[in-house]
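Novice: First the structure, then my questions, so here it is.
The values are calculated or read from the model by the stated rules, or taken from the named source; none is laboratory data. Keep in mind it's a predicted model, so treat the numbers as computed, not measured. Neighbour counts run over all protein chains shown; Cβ positions are idealised from the backbone, glycine included.
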Amino acid sequence: MKDLPDDLLGWDILLEPTMRRKWDGLLYVDVPLADAARRLRGRLVYLATPYSRQVIGNDGHWCPVRSTEFGIRAAMWACRLAGEGVTAVSPIVQAVEMVHCGAAGEPDPLDAEFWEKWCRPLLAKADAVVVPPIRGWQVSVGVWREAIEALATSRQVWLLKDDMGGRK
């Protein structure tokens, strides 16, 4: 959602009891994967995972090593969902491969406008948004916007519980 300021990551507000009641039936918080999977099987879900802020290196530039790391984390969750019978589309898994093989820096891995437009059709087709507990999800502008877009269009958002024993 373009009109959402980048500094407005209102997870704390969204997760307050009053707001959670507002989104009852749409927002599911701290849900074990198996429980979410029982409700999501047979539906297309959008796997919202952090990327942009997490892949900036110490020099302030995009870091291909961190990019690969966050692509693998997203792929692990896509694989876990598949193992539970859930069909998930993960823009980060595909985008990481695209930027690593891109010719002459195309597409730019940090071009937020490009990636938002690129992701929009995937998000629009998904029945629900799943947010796994990958480090950085709480401060990801992209994850926040995707979750708010889903809620605003009456689609479920599932914030998964960390049930991997720290292997995120």
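Novice: Checking residue 130 against (1) under 12 Å from residue 46 (Cβ atoms); (2) modelled with pLDDT of 95 or more; (3) assigned to a helix (DSSP H, G or I), which test does it fail?
Specialist: So the condition that residue 130 fails would be (3).
Novice: From the list 88, 37, pick out the single residue that is surrounded by fewer than 22 Cβ atoms within 10 Å (Cβ to Cβ), out of contact with any Pro (no Cβ under 7 Å at 6 or more places or on another chain) and under 23 Å from residue 125 (Cα atoms).
Specialist: The unique qualifying residue is 37.
Novice: Just for helices (runs of 4 or more DSSP H) wholly inside segment 18-123: which have at least 3 residues that are under 19 Å from residue 141 (Cβ atoms) and at pLDDT 90 or above?
Specialist: Passing ranges, in order: 64-83, 91-101.
Novice: If you don't mind, there's one more thing I want to ask. Out of the residues in segment 133-166 that are β-branched (Val, Ile, Thr) and either in contact with an Asp or Glu (Cβ under 8 Å, 6 or more places away or on another chain) or assigned to a loop (DSSP other than H, G, I, E, B) (or both), which is modelled with the lowest pLDDT?
Specialist: Going through the qualifying residues, I end up with 141.
Novice: Does segment 100-111 hold any residues that are of a type outside the set (D, E, K, R) and either exposed (fewer than 14 other Cβ atoms within 10 Å of the Cβ) or without any contact (Cβ under 8 Å) to a residue 40 or more places away in the chain (or both), and which are they?
Specialist: Those that are of a type outside the set (D, E, K, R) and either exposed (fewer than 14 other Cβ atoms within 10 Å of the Cβ) or without any contact (Cβ under 8 Å) to a residue 40 or more places away in the chain (or both): 100, 101, 102, 103, 104, 105, 107.
Novice: Here's another thing I want to ask about it. When you check residue 157 against the structure, is it under 16 Å from residue 73 (Cβ atoms) and either of a type in the set (Val, Ile, Thr) or in contact with a helix residue (DSSP H, G or I) (Cβ under 8 Å, 6 or more places away or on another chain) (or both), yes or no?
Specialist: no
Novice: Right, here's the next one. Checking residue 97 against (1) of a type in the set (D, E, K, R); (2) surrounded by 15 or more Cβ atoms within 10 Å (Cβ to Cβ); (3) over 25 Å from residue 14 (Cα atoms): exactly one of these is not met. Which one?
Specialist: Of (1) of a type in the set (D, E, K, R); (2) surrounded by 15 or more Cβ atoms within 10 Å (Cβ to Cβ); (3) over 25 Å from residue 14 (Cα atoms), only one is false for residue 97: (2).
Novice: Something else about it: Can you report the number of residues in segment 114-154 which are aliphatic (A, V, I, L, M), within 19 Å of residue 73 (Cβ to Cβ) and crowded, with 21+ Cβ neighbours inside 10 Å?
Specialist: Adding up the residues that qualify gives 6.
Novice: Can you pull out every residue in segment 45-64 that is under 14 Å from the mean Cα position of the chain (by Cα) and not basic (Lys, Arg)?
Specialist: Matches in segment 45-64: 45, 46, 47, 48, 49, 50, 51, 52, 54.
Novice: I'd like to verify a number: residues in segment 40-62 that are crowded, with 17+ Cβ neighbours inside 10 Å and out of contact with any Phe, Trp or Tyr (no Cβ under 9 Å at 6 or more places or on another chain), how many?
Specialist: 1
Novice: Quick one: count up the residues across segment 99-150 that are charged (D, E, K, R) and under 10 Å from the mean Cα position of the chain (by Cα).
Specialist: Going through segment 99-150 one residue at a time, the tally reaches 2.
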